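Comments concern the structure below.
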Amino acid sequence: MLQPVILCGGVGSRLWPLSRTNLPKPFIPLMGEGNDQSNEKSPQTHTLFQQTAARVQGAGMHPPLVICAEQHRFFVLEQLARLGIKPAAVILEPTPRSTAPAIALAALWAQENGISDPLSLLPADHLMGSPAEFQQALKSAAPAAQSHIVLFGITPTFAHTEYGYIQHGQAHSSGIFKVTKFHEKPTRTRAEEMLKEGGYSWNSGMFTATAAVLVAELQSHAKQVWQGTQQAWHEKTAETLLGTTLIRPGSSFGQIPAEPFDTAVMERTAKAVVMPYQGRWSDIGTFSTLAEALPQDDAGNSLVGNDIVAQDADNSLVHSSTAGKVVAISGVSGLVVVDTPDALLVTTKAKAAGVKNVFSALQKQGAVQANDPARIHRPWGWYETISKGPGYLVKRIGVVPGGRLSLQYHHFRAEHWVVVTGTATVTNGEKTMELNPDQSTYIPLGAHHRLENKTDKMVEIIEVQTGTKLVESDIVRLDDVYNRAGTNT
């Protein structure tokens, strides 16, 4: 048996504006949006996180442990539920501290739950090929993982300068080699030399090892990380939400050194071995690599979206998620155009890695587009702002089947709801009613109210807010099935 551990991290910098701080790469359907119910049956619309979870289902696999940020917990629960996958538990990091503390958390959880099987530590944002092929590779690594940390190395296909490289040493066992040295992102000349020499792999960031081996190496090479994580683990709290155990390490987790597992342990340990993996793999690190992963037309264009026109254009990526908006390119080559409802990016494939600098500049400016997408996701569905002005705010709200907003009231605003799709169950003061399309209700300031979807189809409403203070913080929750008291998420 193997224990999958899915590591969900990232700040949304390299694929902005598709990704944002509060909607990072693992949770985005990069291959294009399906309709709201298509996700469970259409692999092409699955997010990278969903693909990772689906990849480790089946015989010989324990239910996955997921480690993610507190603010991403509902993405994890909702996207796993769409696939019918129940995780073993979800550990919520109160603040990002890189991969060494995250892996230490996984080891502590495994020890506490008596799991001696190898842990397969998998980033949530990788694109890979056949799940069966990958599972076979994981199982092949299991014997060596009893006493070593097995890295998955990707056989280089060209002189890539954005990946780290692993230099192979003597054979450890069949198909597995000792690690001689780690090489950080090389220059073009050095990458070409390594490709010509052979005996190198790209570092995929995927590891397999038992909790016992991980603990011993963390204690030896990353003592501060290990001791800090132990302390935060002892301070942990837990709750059950939507049938899943959520574990929150103590606030001291924020004091742990933010170290990658590679530099904290792997570059120091004598127990590192590498297993070359021949299957399809990409970390979708830039828009250029995203374009390579997408289907292409006869001119080499990767086009995602419904209203895209490409004339006399080649080798370009156009990704549009703005409904009803035509995006056209003409007479260009090697271009990247990413259009979202609230941001537009135009760059080239050759310069696509520089998008993270745009993201950093937006963060310094305090731009809301760096952190939040136009469509804000909630555990019950989503909302997006249509229009706003002095004293009013208009939103479109979608509630998924079974979704239920909190029973709440507001100090500063009244609301008018108009149902446009589906059948909504509405609590307004002392009354509970069902509203169909073209029916509406007015919610006075201070009235207790709730919106629910008790059907198997989406419910959408238009909400018009009027008042003196139209902000998300003006929500007083009285009852909430998602345990969000005191938060605005």
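Values computed for the structure shown
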read-out	value
Difference of contour (0.36 nm per residue) and Cα-Cα distance, TYR442 to ASP456	2.5 nm
Extension gain from ASP314 to ILE475, taking 0.36 nm per residue of separation minus the Cα-Cα distance	53.0 nm
For the chain, accessible area per residue (1.4 Å probe, heavy atoms of protein chains only), Å²	43
By accessible area with a 1.4 Å probe, ligands and nucleic acids excluded, highest first: order of LYS181, LYS364	LYS364, LYS181
Per DSSP, loop chymotrypsin sites (Phe, Trp or Tyr not before Pro) in the stretch 401-461 with at most 11 further Cβ within 10 Å	none
Chain lengthening between TYR392 and SER333 when straightened (0.36 nm per residue, less Cα-Cα)	16.8 nm
Sequence-separation-based contact order of the chain, relative, with Cα cut under 8 Å and 6+ spacing, percent	14
Rough spin-label spacing in nm, given labels placed 7 Å along Cα→Cβ, for GLU193 and GLU430	8.4
222 nm mean residue ellipticity, helices alone, for the chain (DSSP H n ≥ 4; -39,500 (n - 2.57); rounded to 500)	-6000 deg cm²/dmol
SER173 paired with THR423, simple spin-label distance in nm, labels 7 Å along Cα-to-beta-carbon	5.9
Cα shape, the stretch 368-477, gyration tensor, a/c 1.5 rule	oblate
Distance in nm between pseudo-label sites at GLU292 and HIS411 (7 Å out along the Cβ direction from Cα)	5.3
Residue-level accessible surface for HIS234, protein heavy atoms, 1.4 Å, Å²	140
The stretch 252-258 - phi-based ³J(HN,Hα) in whole Hz, Karplus 6.51/-1.76/1.60, Gly and Pro as x	5, 4, x, 8, 6, x, 7
Order by protection proxy (mean Cβ within 10 Å, highest first), peptides 47-53, 235-241, 99-105	99-105, 47-53, 235-241
Exposure of VAL464 as accessible area (Å², to 10), given a probe of 1.4 Å and all protein chains	50
Length-normalised contact order for the stretch 168-255 - Cα pairs under 8 Å, 6+ apart - percent	16
The chain, accessible surface, carbon-and-sulfur percent (1.4 angstrom probe)	50
Whole-angstrom Cα spans of the chain along principal axes, big to small	74, 60, 42
Cβ-derived FRET efficiency at R0 41 Å, VAL326 paired with THR237, nearest 0.05	0.20
Counting DSSP beta bridges with both ends in the chain, the antiparallel % (nearest 5)	70
Mean Cα-pair separation over length for the stretch 226-382, i.e. relative contact order, pairs under 8 Å, 6 or more apart, %	12
Calculated from backbone phi, Karplus (6.51, -1.76, 1.60) coupling profile of the stretch 193-198 in Hz, x at Gly/Pro	5, 5, 5, 5, 5, x
Largest-first ordering by accessible area, 1.4 Å probe, given options LYS454, LYS469, LYS223	LYS454, LYS223, LYS469
In sequence order, calculated HN-Hα J values of the stretch 277-289 (Karplus, 6.51, -1.76, 1.60; Hz; x Gly/Pro)	10, 8, x, 5, 7, 7, 8, 6, x, 9, 5, 5, 6
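The values are calculated or read from the model by the stated rules, or taken from the named source; none is laboratory data. Just so it is clear, the structure is predicted and the values come from calculations on it, not from any experiment. Cβ sites come from the backbone with ideal geometry, for glycine too, and all protein chains shown count toward neighbours. Note: areas computed on protein heavy atoms with side chains; ligands, DNA, RNA excluded. Shrake-Rupley method; radii C 1.70, N 1.55, O 1.52, S 1.80 Å.
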